[in-house]
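Below is one structure, written out as structure tokens; the observations come after it.
The values are calculated or read from the model by the stated rules, or taken from the named source; none is laboratory data. Predicted, not measured: the structure shown is a model, and the values here were computed from it. Glycine gets a Cβ as well: all are built from the backbone with ideal geometry, and neighbour counts include every protein chain shown. For accessibility, only protein heavy atoms count, side chains too; no ligands or nucleic acids. Shrake-Rupley method; radii C 1.70, N 1.55, O 1.52, S 1.80 Å.
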Amino acid sequence: KRAGWDLKGQLEDMKALVQSREMMSSELQTQLDSYNQRIISLESHNNHLSGTVNQKEQQTESISREIEDLKRKLRNSEDDLDGTKRRLQREIDDLSFSKSTLERQKDSLAGELTASQTEITASTNIKIKDTTIMELREMIRIHEAKIREQDEELINQETMRRKLHNTIQELKGNIRVFCRVRPLLGNETQDNDGVIGHMTFPDKDGKVLEMEKLGDSTILNSTRGGNKLLFSFDKVFDPVSSQAVVFEEISQLVQSALDGYNVCIFAYGQTGSGKTYTMEGGRLEEEDKIGMIPRAVRQIFSTGLQLQQRGWTYTYIASMLEIYNETIRDLLSEDQTLTHDIKMKGKDSGDVHVTNLTTVNVTQESEVFDLLKRASHNRAVAETKCNERSSRSHSVFQLHITGKNSSTDESCQGTLSLVDLAGSERLKQSGSEGQRLKETLCINKSLSNLGNVIMALGKQDSHIPYRNSKLTYLLQNSLGGNSKTLMFVNINPREEFFNESLNSLRFATKVSSCVIQGRLILMSWE
Ligand SMILES: Nc1ncnc2c1ncn2[C@@H]1O[C@H](COP(=O)(O)OP(=O)(O)O)[C@@H](O)[C@H]1O
Ligand SMILES: [Mg+2]
């Protein structure tokens, strides 16, 4: 301790103290700095980690969405297959059952034979013995042949099942052709007792139509058989097939419009063959006569509602137009002064758009039915001005469907187009003039171009001539690419239209054989 007077000494002490404090403080500062450094580095590490976590979460989410999507596709395919499998399994079961019945019969017959032989040995009447043995042998032979036949059929059934499965796969996203023969109506049933003599439906699967030219030769019955022509399609509907049965076959196709496919259904055939009946049907009040358009709309809306449970909400936009002499007319508008052009929305999107066309947001089937009524009213007005106009024009109903899934963030867009084509009958070009000649040329051009487009798609040509007619230009998104096409070829059952029917069937065969080669069979008749 310094003496009180030693001020200098005390000052020294103080200085030393201050110095030591300063040192301590700077040490602390350094420590503080290093801590700050640590904190910064830890924060950046933390940021990095949360980035990684986010990324992983997104990946997980997208993978589970994919899984959901695949599951749904798998379910659909399984349903398709299951139906076919079950049916074939039933047939196989039936056949196995009859096979074992026959085998039992054979065994018991063999037993009888042995018994008879013993009897015969004992018997003196050799003649009776021999005939009995022969009869029994014959019976056994017949039964054995039958068993062999059944065995073969079993194998065939299995092959068919496999073939069917492949066909189902092949047909998805492809072009299908259905043939429908309408019944004789009213006075037409008076000839031949109402029998359609020149057409037969020979196979039980309903895929073949046989046409036979009946002439003098049938009286002699000599060249019968030489006059036959077989046409095979994905489906042939005979005259008693109801609207419900026909729709059953297209309902799966219609449904895929909700999954984002573009679906196109045409009715082709001569005037009076049943195109409009097939597409629109009779009055909506008569349930069994309702046609494909209202049935399709009804199914779309009810399935759309069911899909709500899985998070989907759909919006629907409908339009209806007519193409007459390569000019578009809006069937939902009363204002006939407007003109309509086909335009592309955006350069590459390929989105087809008709200018000035009335499009209506619809939310339930009754609204669509009102539109159909409005269209047929507008058409009737035009018809009085120009006779038979509806059979000289194509009418096109379109439903644009947009779906969004709020829970999975998916979305899809599909269009259902149902087209009642102009009558395909060959009109004589010679003799017709003015308006009639123009109509004829336009119809011939647009129908043959439709055939060409479908064939070019089937052959996967690099150039598809969509723009050669208004119809194919309008439908170019719905033909080819991500689309499914179905053509009804409607046939008039009256014999006087034999040649016209043949023309329709040949057109349809050309369209369908471009898809799956080698289905055109037997063309023996000149
Ligand atoms: N499958 C069918 N069952 C009963 N009547 C039919 C059937 N197909 C067509 N018709 C009737 O035949 C006539 C001609 O049919 P329609 O559909 O107008 O022919 P298109 O439109 O090809 O000219 C109509 O009276 C229609 O009601
Ligand atoms: Mg019609």
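Worth a mention:
- Between the listed residues Asn490, Asn192, Asn356, the Cα displaced farthest toward the positive end of the dipole of the chain, a dipole computed from Cβ unit charges relative to the Cα centre, is found at Asn356.
- Peptide packing for 296-307, 472-483 was compared via the average number of neighbouring C-beta atoms within 10 Å per residue; ordered from the highest value, the list is 472-483, 296-307.
- Averaged over residues, the count of other Cβ atoms within 10 Å places the peptides 406-418, 24-36 in the sequence 406-418, 24-36, highest first.
- Under Karplus coefficients 6.51, -1.76 and 1.60, residue-wise ³J(HN,Hα) of the stretch 271-283 in Hz, glycine/proline x: 4, x, 8, x, 5, 5, 4, 5, 6, 9, x, x, 5
- Charge dipole (debye, nearest 20) of the chain; +1 at Cβ of Lys and Arg, -1 at Cβ of Asp and Glu: 1000
- Each of Thr271, Pro183, Asn444 was placed along the dipole of the chain (beta-carbon charges, centred on the mean Cα), and the one lying farthest toward the positive end is Asn444.
- Farthest toward positive dipole pole in the chain [+1 Lys/Arg, -1 Asp/Glu at C-beta], among Met292, Met455, Gln31: Gln31
- Distance from the C-alpha centroid of the stretch 74-148 to that of the stretch 475-509: 46 Å, rounded to the whole angstrom.
- Placed amide H near Trp312: partners under 5 Å, 5+ positions off or other chain: none
- Per residue, the convex hull spanned by the alpha carbons of the stretch 1-119 comes to 207 Å³.
- In the full protein context, the chain carries 59 Å² of accessible surface per residue, based on a 1.4 Å probe and ignoring ligands, DNA and RNA.
- Cubic angstrom per residue, convex hull over Cα atoms of the stretch 97-138: 45
- DSSP bridge orientation in the chain - percent antiparallel, rounded to nearest 5: 65
- Cα centroid separation, the stretch 289-337 to the stretch 173-211: 30 Å.
- Net charge of Cβ neighbours under 10 Å - reference Met199; Lys, Arg +1; Asp, Glu -1: -4
- Evaluated on the stretch 397-476, the Kirkwood hydrodynamic radius is 15.4 Å, with distances taken between all distinct Cα atoms.
- Percentage of interatomic Cα-Cα distances in the stretch 267-347 larger than 23 Å: 48
- 15 Å Cα-Cα reach of Lys510 towards aspartates and glutamates, excluding residues that sit fewer than 8 places from it in its own chain: Asp234
- Restraint check, Lys56/Lys484; Lys275/Lys373; Lys345/Lys438; Lys275/Lys470; Lys345/Lys470, Cα-Cα greater than 27 Å: Lys56/Lys484; Lys345/Lys438
- The fraction of all Cα pairs in the chain landing in successive 10 Å bins from 0 to the largest distance is 3, 13, 20, 19, 12, 8, 6, 5, 4, 3, 2, 2, 2, 1, 0, 0, 0, 0, given as whole percents.
- With the highest mean first, a sort of the peptides 227-240, 449-462, 106-119 on other beta-carbon atoms found within 10 angstrom per residue produces 227-240, 449-462, 106-119.
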